[in-house]
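Worksheet: one structure, shown below.
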Amino acid sequence: MSHIEKISIDTAADFTQARDFLALGIFQEQGPQPAQLGVDEALGGLIAKVWEQKNFRGKQGESLVLYGSGALARVALIGLGEVDKFTADRARQAAGSAVQAARSQKATACELLVFESELPAAELTQALAEGLILASYGFDAHKQPDKDAVELERLSLLGAVDKDGLERGSIMANAVCFTRELQNEPANVMTPSRLAEEAEKIGQSANMKTTVWDREAFTKLGMGALAGVAAGANEPPKFMTIEYTGGPSGQAPFAIVGKGLTFDAGGISIKGAAKMDEMKFDMSGGAVVLGIMRALARLQPKLNVVAAVPSTENLLGGSAQRPGDIVKAYNGKTIEILNTDAEGRLILADALSYVVDKHKPVAIIDFATLTGAVLVALGHRASGMLGNDEDLLAEVQASADRTGERVWQLPLWDDYSEDIKSKVADVKNIGAGRLAGTIAGAVFLKEFVGESPWVHLDIAGTAWQDKDQPYIPSGGSGIGVRLITDLLLKRAGG
Ligand code: BES
Ligand code: MN
Ligand code: ZN
């Protein structure tokens with residue numbers, strides 16, 4: 001099992017009952033809350049004692065495990081930080097830290113008592129549910145089970161649980177874990193065909209129309225840029241769409257498009273060997289799009305959404321495209337390929353212009369591990385955000401504030417488009433050398449979205465993480481799923 005899917009609840013929260021591992025959230029300037037005093041009683045006043053002795057101060061990121069001799073075997077105190085700096089993301093992190101503590105204590109269950117905060121009840125429960133489930137994730141698909149290991153098997157929330165928040169948080173977190181699993185699978189498993197199978201399964205689960213084009217079919221449609229990248233691929237390439245129709249028929253859909261490059265060796269402009277294994281994550285944008293569709297299938301918001309994922313490998317060999325080649329995209333624009341490693345923008349060019357032409361979307365958001373340059377600019381802590389529509393950019397920013405999936409806007413001024421002018425074709429696939437690489441990627445994509453309001457999220461720095469965080473274990477992060485599911489729910493009036 002990759003994660004714990006469900007959270008059980010116990011609103012009575014009777015602390016004379018035997019419990020293996022119980023976590024309490026405690027604010028810095030507050031100490032134990034009235035609803036937590038029952039726990040302290042069961043522990044014979046141990047919490048009051050460590051608080052008085054200042055062994056535990058409730059600081060953000062602080063935790064302390066107490067051992068009881070009675071019904072409560074282990075009680076973890078989790079610091080929530082300052083009351084006035086508390087956010088949904090701190091709640092998520094606290095729940096994640098509780099799960100980490102339970103794991104290191106070899107507990108089989110992690111129970112968390114819902115605490116009082118200034119957040120609305122539904123928001124708090126949603127964040128706690130997300131933190132618990134997201135922290136329970138681990139990629140163990142290819143490891144022999146360790147017979148002696150004690151596995152965490154159960155998550156629960158005790159006390160003042162909000163049912164709607166629990167439902168929404170559980171669906172969100174399960175969709176993220178689904179995306180992480182697609183991301184973490186290596187390129188010999190998570191092939192374009194496998195991504196297409198996953199898309200079909202999601203479609204079937206909720207009566208969504210799923211369409212998959214193979215090489216011959218998408219080439220015939222006019223997708224010369226995707227076909228060019230796929231020329232050197234070993235695995236059969238695919239282009240796929242899923243249509244969710246929760247809104248009135250005829251209402252223009254919201255479009256989400258994700259880069260589904262299952263392995264990026266760079267093509268003839270080959271990458272260096274260092275960390276090339278990480279290029280199995282180059283399909284993260286596509287995995288995010290599928291995760292969002294999975295969340296929508298269960299949340300059923302009242303709007304229409306179309307998802308599109310172009311998927312191929314970028315390999316090298318005798319049939320691979322060459323630097324200098326010129327290809328024609330779906331919208332008729334010709335592209336001079338000056339670096340075969342700038343392939344993400346090529347496959348997205350076809351996917352974006354297809355969606356614009358066939359679905360006339362109200363807005364488009366794309367997700368792509370597009371540039372190493374976004375790592376130079378922002379590191380692993382925020383996704384790069386660029387777009388042509390202030391309102392849509394503000395919507396994404398608002399969702400980032402709610403979900404804790406941070407974005408940082410970079411400019412998309414018209415004059416940057418000069419950097420992608422080609423002498424021999426309409427555009428070229430690289431910008432001004434090493435300068436403004438993330439912006440160069442975005443101005444290239446802009447050529448293929450027409451007049452549609454559009455936001456590009458460059459997730460090259462955030463799609464996977466190399467350090468464990470409270471609710472994001474290292475590996476595929478699923479970042480983007482909660483962010484844009486939240487935006488779509490808001491659009492649908494929820
Ligand atoms: N998939 C890479 C971007 C990437 C690099 C993601 C490192 C995560 C970590 C993308 O296809 C790529 O190779 N981009 C090039 C573009 C350049 C050749 C203009 C890059 O960023 O170096
Ligand atoms: Mn590349
Ligand atoms: Zn790539």
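Bear in mind these aren't lab numbers, they're just calculated from the coordinates by the rules spelled out. A quick note: this is a predicted structure, and the numbers were derived from the prediction, not measured. All Cβ positions, even for glycine, are placed from backbone atoms using ideal geometry, and neighbour counts span all protein chains on display.
If I take every Cα pair under 8 Å that is 6 or more residues apart in segment 7-158, average their sequence separation and divide by the length, what percent do I get for the relative contact order? Before the final figure, lay out the partial values.
Values: 281 pairs, mean separation 46.8, N = 152.
31 percent.
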Here the net charge surrounding Gln60, from other residues whose Cβ is less than 13 Å away from its Cβ (Lys, Arg +1; Asp, Glu -1), is 0
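To the nearest µm²/s, what D does Stokes-Einstein give for the chain at 4 °C and 1.567 mPa s, using the Kirkwood radius over alpha carbon pairs as Rh? All intermediate terms of the calculation are to be shown ahead of the outcome.
Working: Rh = 23.5 Å.
This corresponds to a translational diffusion coefficient of 55 µm²/s.
Hand me the chymotrypsin sites (Phe, Trp or Tyr not before Pro) from segment 405-492 located in a DSSP loop with no more than 10 other Cβ atoms within 10 Å, in residue order please.
On the way: sites: Trp408, Trp413, Tyr416, Phe444, Phe448, Trp454, Trp464, Tyr471; in loops: Trp413, Phe448, Tyr471.
Of the chymotrypsin sites (Phe, Trp or Tyr not before Pro), the ones in loops of segment 405-492 whose Cβ has at most 10 other Cβ atoms within 10 Å are Trp413.
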Run the simple label-point estimate for Asp164 and Ser319 please: 7 Å along Cα→C-beta, distance reported in nm. 5.4 nm
For a Förster distance of 35 Å, can you work out the FRET efficiency between the beta-carbons of Ala394 and Ala432, rounded to the nearest 0.05? 0.75
Gly387 long-range amide H proximity, modeled H, under 5 Å: His456
State the extension gain, in nm to one decimal, for the chain segment bounded by Glu197 and Glu62, taking 0.36 nm per residue of separation less the distance between their alpha-carbons. 44.3 nm
Amide N of segment 115-130 lying under 17 Å from the label point, which is placed 7 angstrom from the Cα of Ala12 along Cα→Cβ: none
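Computed FRET efficiency, Cβ-Cβ of Asp148 and Thr334, R0 51 Å: what is it to the nearest 0.05?
Details: r = 61 Å, r/R0 = 1.20.
In this case the efficiency is close to 0.25.
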Explain nothing, just compute: Karplus ³J(HN,Hα) = 6.51 cos²θ - 1.76 cosθ + 1.60, θ = phi - 60°, for every residue of segment 93-106 in order, whole Hz, x for Gly and Pro. 5, 5, 5, x, 5, 4, 5, 4, 5, 4, 4, 6, 8, 6
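To one decimal place, what Kirkwood hydrodynamic radius in Å is obtained for segment 360-494 from all pairs of distinct Cα atoms? All intermediate terms of the calculation are to be shown ahead of the outcome.
On the way: mean 1/r = 0.0643 Å⁻¹.
Averaging 1/r across every pair of different Cα atoms and inverting gives 15.5 Å.
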Candidate cut points under chymotrypsin sites (Phe, Trp or Tyr not before Pro) in segment 106-157, DSSP loop plus at most 12 other Cβ atoms within 10 Å of their own Cβ, are none
In nanometres, what is the gap between the two model label sites at Ala109 and Ala252, each 7 Å from Cα along Cα-to-Cβ? 5.2 nm
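So between Asp401 and Ser474, what do we pick up on full extension, going 0.36 nm a residue minus the alpha carbon distance? Intermediate results must be reported in sequence, preceding the final value.
On the way: separation 73, 0.36 × 73 = 26.28 nm, distance 2.26 nm.
Between Asp401 and Ser474, full extension yields an extra 24.0 nm.
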Modelled label-to-label distance, Asp277 and Gln409, 7 Å Cα→beta-carbon offset: nm? 4.0 nm
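In the chain, which longest range has no trypsin sites (Lys or Arg not before Pro) that are both DSSP loop (not H, G, I, E or B) and surrounded by at most 14 other Cβ atoms within 10 Å? Please list the in-between numbers first.
Numbers: sites that count: Lys6, Lys54, Lys59, Lys106, Lys143, Lys147, Lys275, Lys302, Arg381, Lys421, Lys423, Arg434, Lys467.
Longest run free of exposed loop sites: 148-274.
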